[in-house]
Structure formats: structure tokens, C-alpha cells
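Written out below as C-alpha cells is the structure these notes cover.
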Amino acid sequence: MSILSALLRYFPYEDLRKEQKDIILTVYEALSSKRDALIEAASGVGKTIAVLTATMPFVERGHKVIYLTRTHMETDKVMEELARISRLGHSIKGLIFRGRGSLCINSMVAMLPSQLADELCNVLRSFNACEYFVSSRKEAIDVFNKGGEELKRLCLKRRLCPYELLLNALPSGNVIVMTYSYLMMSELKERVFNLVIHSSDKAPIIVLDEAHNVQELVHSVNSIRLNLNEIIHVLNQLERLYSSHSITSFKNFIRTIKNTSELLRKRRGTVPIDPMLSIDEIMNLRRLVTDALYLNMSRGGVIIRGLLCLSTLLRLLSKLFEGNYVLLLGREGAELILEVFNPNPLALRRIVNRRLSLIAMSATLSPLEFYNKILGMRSPLIKRVPSPYIQNALFIIYTELNTSFKNRKEALYVKALDLITDLDSYVPEDKSIAVFVPSYEFLRELFERGLVYKVGRRIMTDIHLSAFSSLFTTNALYVSVLGGRLSEGIDLKVSLCLIVGVPYAKPDYRLMRTLKEYSKIFPGRARKYAYVFPAIRRAIQASGRLLRCPEDRGIVIFADERYVNLLRYFPRWMIPRIKVIKSKTELLKYVSLFSY
């Protein structure tokens, strides 16, 4: 029996595409030789099931698979493929590991935003004050091959904590699916990721799905939305309970943030903040906040939301002392965002040292030498797989727009809105359109100018992801930002994909600091690696929403004249198919004559 025939025992579909065969054999060869693999495969080729198929013989030999994705929605897709493999008669203990905020059945915790839910959960667990947590330490149930909602219903009936049960079951699972946060965030890495890594005497297989995301994720450890008035109010309350130099120091720190926030009203992007605090002061204040929370609970009072916000902020600040991190303050609309930022792209190199193989895959992994270096790959096998449906699509660069920051004025937004409304009228009514723009600010400008009222299709945005099944509809206009949740790792049934602008990072302190760090590691290539390629990747990922299966047909429009000079950075399989169009009249002619 050939290697491929043996592997196809785990493949749950009748038809095997050539592209999937190439991926299966590449991954199997990498695992057999204990080498890593970099796979750049176009969206829609079936990467997930191909990689899982290749790993199954090694799972049967005792190796675990740790499958990392960007979002919870993508973890669900992996579990669906595992379920199909299981139905072939293979024994798989699959486990989706999710955060406490999304799983909690304690009503006091579940009503809070995710970050605050985690904080309150930590407090309740530390004092054994959650009945679900206490019960889960005495009783266990089968949690394998279950989705999040199914597990929550079961735990609610048995009055058990879903998160604690998953944590207990981790060492017994053989395919663990989780988001990148468990690899990137030190606290989650220590508590969850490392538990899986060392739960077997055989080295695990690490799969990085949509691996292009690691470049951005490795820089940002965490962030928090600040309500300065709420935090100041809580600090004043703490001063009535405790006399502590740490509280005074922290109030001075908050005043500095407040003064700096005034500068952000006049300038774009982020600015650095001096934390002004020692790790001892931060840890002492965290203890005071925890005591205050417990005191409140023991007296039967209502948990003070502000204390949870302060505790979350202190946890974020403590990360500053874990490595080469910088504290940044930014603004999104009226909200202040405080972020811990690491400008060094090499933070992942030693994070997964114990492994049989590291499989990194994405539709956009160029330049491969960059990912080879930042991931610390071991003699990687490299495979590029073009889209099998390329002949079904027309790719256009439309040059009548330029969305650079200096051009973002009234005339640009009007021109972009006119383009969207014209395309809406030329694409058949029974088809759907996806529109991706470079920033939330740009998106807000379009909505303020009446986007909802100027198109005939139903508007669908990121907020509709909670009702995922309803996204598959006709006569819809999907609208999101490049790099947003609708632009990656999701199937949309669209016939035209309009990418408005080049999503370059804002020219702020964060970018300047990143470029400086990259120039030390990649001399002469810093701008290309840290600024140009991330923007191109977001655009190419968004274009992948069009071609997801053999029946899909349509047009991708890159609407910005700067794409002409960026063509050399596009995937090799796409470049020969791209047509440059200068006038809207000619563009609409192609749109109207295309055979959808």
C-alpha cells in the first residue's frame, strides 16, 4: 500500500484535490523526518482537512496535535473536520479549549465583558467562592468532541465549571484546538499551552493555521479599554480602606495618562507612556484590590465593576516586566486604549521548542524567509499551492482611487461611496458583494455619508457573526475592515470583492519603534517586512473570501492606484490574472459583462 493510500484512510471526503494531495504528502514528509513545514496555499483549497489527515498516523502513535487558530469560529471548523474523521471509525479525543469568559455558566461572571469575567473568575477561584468550580474538582464528565454550547448545556445541568473540566481533560486529549492567545500570552501559555506540551513523553505537532497572523500577534500581548473616571473613583475608595504608597503612586500614573490623552486629540495613532511603577508596587496594589473584592463579596454586597477594571489594568501592567515591552496609549473614537507592545518580531523563536514538527500555513506567507526566521523553523519543507479555481475569477486593479492618509478627505469618501453604489447596481441582484476598507475610521465615514441608504442590498457587518448561519444569504453587502473578522478565515458566498485602499499601518510611534527593531534584524528590509507585506497580506486574505469552492465565480477589485507598484508582492499565481483599469466606465463594463 502506498503512503498516500494509507493516509486516505483518514480523509473523509470522496474527492481528493491535487492541491490537497500535495499538502498531505508535504506534511507527512515533514512529520516523518522531524522537520517543519511552511505551506502557502490559496484560500479554499482545503488546507485544514489535508493537514489533519497527514497528522492522524502520528496521533495514533501517541503524538498530540496542538492546532492554533486566530478566532473561536475557526476552531469550530477544525472540530467539524475532526468529527468527519471520527465517523470513519478512528478514535480521536478532540478538545476545543476556550477562555473562561466564553464558557462561564456562573451568572455573576457571565454577565461581564470578557476581560472582567476572567478577572472575577480568578478571584472566585482563589477563594473557592464559585460552586461550579468547587464541584468540578470532585467530579468529571466526558468533554471530548463537544462544541462549546453543548458543553455549557451539559455543565449547567450538572452544575459544573466547563473551563475547569476542560483544563482537567487537556492531558488526555490528542487533538487540542485553541486560539493563538494561548501561545502568545504568558499567563495562558504557562497554565494551558505548556500543560499540553509536556503531557506526553512524545513531542507534539504544532499547527499554526492562518500563520500570517503571528507577525501582528507577537507584538501585542494585551490591551485594555480605559475609563479613567471609573478607575480614579475606585482608587479613592481604596484609599478609604487602606493606607498605601502604591495607591498614591498609581493615582499619579493615572493623572499622567489623563494628561497624555489630551495630546491624542490632536495627533493620530499611539504614544508611549512611562509606567512610573515598580513591579512591587503593582503586585502590592493587586493584592489590595483582591482583598477589597473579597471583602465586598463576604459582606453580601454587589461586586464593584471598577475594582475588576483596576485589577485587569494591573494584570496588564505586570506584563511589562516579562520582556522587551513598551506601554502605549491610543484612542479609538472616544475610547482610550492602553496596550503592552513588544516591537521585537523574534519573541516566538523559542516558544515552541519541544515539538515533533511545526506546520505553518496560510494563503499569504510571503516572504517565506521572514516566517522561517521569526518562527525559528527547523530545515522547513516549503510548499506553494495555487488556487485551483483561479480560472473562475477576474482580478482588477482600479487606479482612480488613492486612500493614503493625506488623501482621506471628503472627496475621497464620496468617490469611494459612489464606487460602491455603482457596483451595487451593476452586480446581479441575486448575488452578494463584499467590501473591505483600510480602517474603522474609513468605514465610519462611509456609514455617516449614508452607505446603508444608498445600496439596495442588505448590509452585513462583523456584528452579524453571532448569527453565523445567516451570513450565507443572497443580495447582501458584507462590509468590514481589512484584517477584520469578516475578511479572514470565514466563508462568504460573494460574487464581487471590493478592496478599497492599501491597509498600511498608521505612521505613529508604534510603527516607528517596530521599524527600528526590524532594521536591526533585517537590515535593508525593515520597511518591506514590517510595513509593506502586512498590508498586502490583509488585502490578499480579504480577496480569498471570493473563491472558496469549485462553483464560486466572481471579480476581485483592488481599488487603489498604489497596487500597481505593489504587484510584485502579490502571490505568483495571481499576478498573470490581474488587469489594470483606469476609468470607472471601463470597470463597470467588465462588471456588467462578467458571467456570474
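Here are a few things to note about the model shown:
- FRET efficiency for residue 239 and residue 332, using Cβ-Cβ distance with R0 set to 25 Å, rounded to 0.05: 0.25
- ³J(HN,Hα), Karplus 6.51/-1.76/1.60, whole Hz, each residue of segment 540-551, x for Gly, Pro: 5, 4, 5, 5, x, 6, 7, 9, 10, 7, x, 7
- Amide proton proximity set for residue 397, modelled H, under 5 Å, gap of 5+: 558, 579, 580, 581
- When the listed pairs 319/516; 21/189; 373/520 are checked against a 24 Å cut-off, the alpha-carbon distance exceeds it for 21/189.
- Label selected from [x] 39, 33, 23; [y] 34, 31, 27; [z] 56, 34, 20, the criterion being semi-axes √(5λ) of the Cα gyration tensor in Å as computed here: [x]
- Local electrostatic count, residue 385, Cβ distance below 14 Å [Lys/Arg +1, Asp/Glu -1]: +4
- In sequence order, calculated HN-Hα J values of segment 324-329 (Karplus, 6.51, -1.76, 1.60; Hz; x Gly/Pro): 7, 9, 10, 9, 10, 10
- Electrostatic bookkeeping for residue 582 treats Lys and Arg as +1 and Asp and Glu as -1; over the other residues with beta carbon under 13 Å from its beta carbon, the sum is -1.
- DSSP bridge analysis restricted to the chain gives an antiparallel fraction near 25%, rounded to the nearest 5.
- Amide H to amide H, with H built 1.01 Å from N, residue 270 comes under 5 Å of 509, 510, counting only residues 5 or more places away or on other chains.
- By the helix-only formula, in which each DSSP H run with n ≥ 4 contributes -39500 (n - 2.57) and the sum is divided by residues, the chain has a 222 nm mean residue ellipticity of -12500 deg cm²/dmol.
- 13 Å beta-carbon shell around residue 327, net charge (K/R +1, D/E -1): 0
- Relative contact order of segment 390-593, defined on C-alpha pairs under 8 angstrom at six or more residues apart (%): 36
- Partner aspartates and glutamates whose Cα lies under 18 Å from the Cα of residue 138, excluding those fewer than 8 positions away in the same chain, are identified as 164.
- 3J(HN,Hα) along segment 372-384, derived from phi through the Karplus expression 6.51 cos²θ - 1.76 cosθ + 1.60 where θ = phi - 60°, amounts to 4, 6, 6, 8, x, 5, 9, 6, x, 6, 10, 9, 10 Hz, with x in place of Gly and Pro.
Just so you know, all these numbers are worked out from the coordinates, no wet-lab data involved. Quick caveat, the model's predicted, so the values are computed rather than measured. As a convention, Cβ positions derive from the backbone with ideal geometry for all residues, glycine included, and neighbour counts pool all protein chains shown.
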